[in-house]
1. List, in order, the whole-Hz ³J(HN,Hα) value for each residue of region 160-166 obtained from phi through the Karplus relation with A = 6.51, B = -1.76, C = 1.60 and θ = phi - 60°; use x for Gly and Pro.
2. Roughly how big is region 87-184's charge dipole about its Cα centre, with Cβ charges of +1 (Lys, Arg) and -1 (Asp, Glu), in debye to the nearest 20?
3. If one takes the longest principal axis of the Cα atoms in the chain, at what angle in degrees, from 0 to 90 and to the nearest 10, does the Cα axis of helix 13-26 lie?
4. Is region 102-181 rounded, prolate or oblate when judged by the Cα gyration tensor, a ≥ b ≥ c being the square roots of its eigenvalues, rounded requiring a/c under 1.5 and prolate requiring a/b larger than b/c?
5. Roughly how many debye, to the nearest 20, is the charge dipole of the chain about its Cα centre, given +1 on each Lys and Arg Cβ, -1 on each Asp and Glu Cβ, and no other charges?
6. Over region 86-245, what is the relative contact order in whole percent, taking alpha-carbon pairs under 8 Å and six or more residues apart?
7. Between 0 and 90 degrees, rounded to the nearest ten: what's the tilt of helix 215-224 against the longest Cα principal axis of the chain?
8. In Å and from the alpha-carbon atoms only, list the Rg and Dmax of region 111-245.
Amino acid sequence: MRIGLLSDIHGNFVALEAVLADMQRRGPLDGMVVAGDLVWEGPWPGEVVDRLKQSGAVVLAGNTDAFLARRQDDPPEHKEPGSFAAHWQWLRQKLGPERIAYLLALPSSHRISPKPGHDLLVVHANPTDDERYILPRMTEADLDVLLGPVETCDWEALAFGHMHVPFTRCWHDRLLVNVASVGLPRDGDQRAAYAILTWDGAAWQAELCRVMYELPVVVHEMRNCGLPRGKYLAERLVKASYDVR
């Protein structure tokens, strides 16, 4: 069994198309799961939603998808009110009511069970909420707090996004896989990121994949499509790093 996993597309339709094409080349796959954050910040939110609906993938909600359920004057704690309101208005106009309803109805998790006791659980950030990060260098103790007592975890592998840095690690003999970001990589590598998880009959194995796409096309569109703060967001896309001054 081989499952394609992608996350954090953030309205980058060009990167999404490149990833879907690369998945097809690496196929066949037995399924595809999208771990949330579909539209916020990119120039093609409607096109991303329509393409994923057409793809047949299982699609989950991310924290930025939930922004659409807020009022424009009720930003999350980490968002500046004026820029949040402007982006919220622009995004809702681009999406329209049907796509917004689709995004707000998405589930928070998906489970794949190839064999009893060997489940793959897919979430956006962590199994409890869509905000707290699983970091690549977290201590075992911190992971114990975030993920809970290992004896209560009913999954063998956990796949997620939210932090746009790909990594795999082992936690108490369980596999953790950050599939990172299709549309907004933040590990210094501009290429789109995704993962393929394979069940080999005994355990889950992860392959982290990177794909080139037409970055200048996306940058031009971000700067010229009316996207609020489009110039800044384009610079952040090119920087491909959390270290943006």
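What follows draws every value from the coordinates through simple rules; no lab data is involved. Quick caveat: nothing in here was measured; it's all calculated off a predicted structure. Reconstructed Cβ throughout: ideal geometry from the backbone, glycine too, with neighbour counts over all protein chains shown.
1. Values, residue by residue: 7, x, 6, 7, 8, 10, x Hz.
2. Details: 9 positive and 12 negative charges, 111 e Å.
Magnitude of the dipole: close to 540 debye.
3. 30
4. Values: a/c = 1.55, a/b = 1.10, b/c = 1.41.
The shape class here is oblate.
5. Details: 26 positive and 33 negative charges, 152 e Å.
Charge dipole, the chain, about its Cα centre: 740 debye, nearest 20.
6. Numbers: 243 pairs, mean separation 25.3, N = 160.
Averaging sequence separation for qualifying contacts and normalising by length gives 16 percent for region 86-245.
7. 40
8. 17.0, 52
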